[in-house]
Amino acid sequence: MQDYYLINYGLIILGSLIAFLAQIFISVSYSRYKKKYNAAKLKGVDVARYILDKHGLKNVQVVEVSGELTDHYDPTAKVVRLSSDIYHGDTVAGMAVAAHECGHAIQDNVGYLMMRIRSKLVPIVNFSSYAGYIAILLGFLFGLTNVVWIGIYFELAILLFQIVTLPVEIDASRRALKELKEYDKVKTSEYHGCKVMLVAAASTYVASVATTLLQILRLVLIVGGRRRD
C-alpha cells in the first residue's frame, strides 16, 4: 500500500514538474526574444505576408487579435491571426511566431495529412474534455468504477489528439525555420533566436503529451488499487 501511494504522488510530482519546466522554457525564451529587435525592422505581419505570398497564398489574410500568445491559423476562414505584440512588433519573437503560423497555412494548402486528422478530432476532443472530467468526478464521488473507466477512455481520446498535434506543430516550425533561413533579410543570429523560440514552443506540446499520459496512468493505478481493496 505504501508503494502504491509513493507511485501515485510520484506521478503527480513528475507531471507537474514536466509542465512547469516546459512553461518556464517558453516563458523565458519569449521574454528574451520579444526584447530583441531584428535588424531589418520586420514586423510580424511583414514576415507573415512575405511567406504567404511566396507560396501563392494571397487569399490568406493576416489580421490582428487581442491578447498575448493568442496567435493561430484559422483553416476555415483562411486567416493567420497574430496578437498585437507579434503583428506590430519588429522583434525576433515576432518573426518566429508569425512564421510558425504561416507554417500551418502552408500545411493546409498542401493538404498535410496529420493536420487534416487533427481537424477531424477537434469535435471529439472538445466533447471528451467535458465528458471525461464529469465521468471521473462522478465515478469517484459515488464509487462507480465503471464510470471512472469511461472517463479514462475519454482521456485517451484527448491523449490521441495531443499525439496527433505534436507532429503538426513540429512540422509547422520546421517549415517556418526553412522560410526564415531562406529569407535574405533575416540575419543568422536572428534565425538562431527563432529556432530557440520554436523549440521552446514545441516542448510545451511534448509536455502536454507526457502529463496527460501520466494522468491516465495515475487514474488506472487508483482504479486498480480500489479494486484490490
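The values are calculated or read from the model by the stated rules, or taken from the named source; none is laboratory data. Keep in mind it's a predicted model, so treat the numbers as computed, not measured. Positions of Cβ are generated from backbone atoms using ideal geometry, with glycine treated the same way; all protein chains shown enter the neighbour counts. Each accessible area value is taken on the protein alone, full model and side chains, heavy atoms only, with ligands, DNA and RNA left out. Shrake-Rupley method; radii C 1.70, N 1.55, O 1.52, S 1.80 Å.
Annotations
- Number of the condition not met by Gly111 [criteria: (1) at positive phi; (2) surrounded by 21 or more Cβ atoms within 10 Å (Cβ to Cβ); (3) not hydroxyl-bearing (Ser, Thr, Tyr)]: (2)
- The lone exception for Leu11 - which of (1) within 18 Å of Val97 (Cα to Cα); (2) surrounded by 13 or more Cβ atoms within 10 Å (Cβ to Cβ); (3) among the aliphatic types (A, V, I, L, M) it fails: (1)
- Qualifying residue in region 53-61 (condition: closer than 22 Å to Val168 by Cα, modelled with pLDDT of 95 or more and assigned to a strand (DSSP E or B)): yes
- Among the residues of region 185-219, those that are of a type in the set (D, E, K, R) and more than 18 Å from Pro167 (Cα to Cα) comprise Lys185, Lys187, Glu190, Arg218.
- Scan region 28-51 for residues that are out of contact with any Lys or Arg (no Cβ under 9 Å at 6 or more places or on another chain) and more than 22 Å from His104 (Cα to Cα) and the total you get is 7.
- Top-ranked residue in region 34-61 [being of a type in the set (Val, Ile, Thr) and open to solvent by less than 20 Å² (accessible area, probe 1.4 Å); ranked as nearest to His192 (Cα to Cα)]: Val47
The rows are residues; the columns are (1) of a type outside the set (A, V, I, L, M, F, W, C); (2) over 30 Å from Ile216 (Cα atoms); (3) touching a residue at least 12 places away in the same chain (Cβ under 8 Å); (4) in contact with a Leu (Cβ under 7 Å, 6 or more places away or on another chain).
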{"residue": "Tyr33", "(1), (2), (3), (4)": "yes, yes, yes, no"}
{"residue": "Leu42", "(1), (2), (3), (4)": "no, yes, yes, no"}
{"residue": "Ala48", "(1), (2), (3), (4)": "no, yes, yes, yes"}
{"residue": "Asp53", "(1), (2), (3), (4)": "yes, yes, no, no"}
{"residue": "Thr91", "(1), (2), (3), (4)": "yes, yes, yes, no"}
{"residue": "Ala99", "(1), (2), (3), (4)": "no, yes, yes, yes"}
{"residue": "Met114", "(1), (2), (3), (4)": "no, no, yes, no"}
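- Test: residue in region 22-33 that is surrounded by 13 or more Cβ atoms within 10 Å (Cβ to Cβ), of a type in the set (Phe, Trp, Tyr) and in contact with a strand residue (DSSP E or B) (Cβ under 7 Å, 6 or more places away or on another chain): yes
- Matching entry among Val223, Val186, Val168, Val209 (being touching a helix residue (DSSP H, G or I) at 6+ places or on another chain (Cβ under 6 Å), outside any helix (DSSP H, G or I) and either farther than 22 Å from Ile124 by Cβ or in contact (Cβ under 8 Å) with a residue 12 or more places away in the chain (or both)): Val186
- Residue within region 124-134 that is β-branched (Val, Ile, Thr) and either crowded, with 20+ Cβ neighbours inside 10 Å or under 19 Å from Tyr30 (Cα atoms) (or both) present: no
- Subset of region 146-190 (residues that are β-branched (Val, Ile, Thr) and either under 20 Å from the mean Cα position of the chain (by Cα) or loosely packed, with under 15 Cβ neighbours inside 10 Å (or both)): Ile158, Ile163, Val164, Thr165, Val168, Ile170, Thr188
- Look at region 65-82: where a residue is open to solvent by 50 Å² or more (accessible area, probe 1.4 Å) and a partner is assigned to a loop (DSSP other than H, G, I, E, B), sitting 6+ places away or on another chain with Cβ atoms under 7 Å, you get Lys78/Asn59; Lys78/Val60; Arg81/Asp71.
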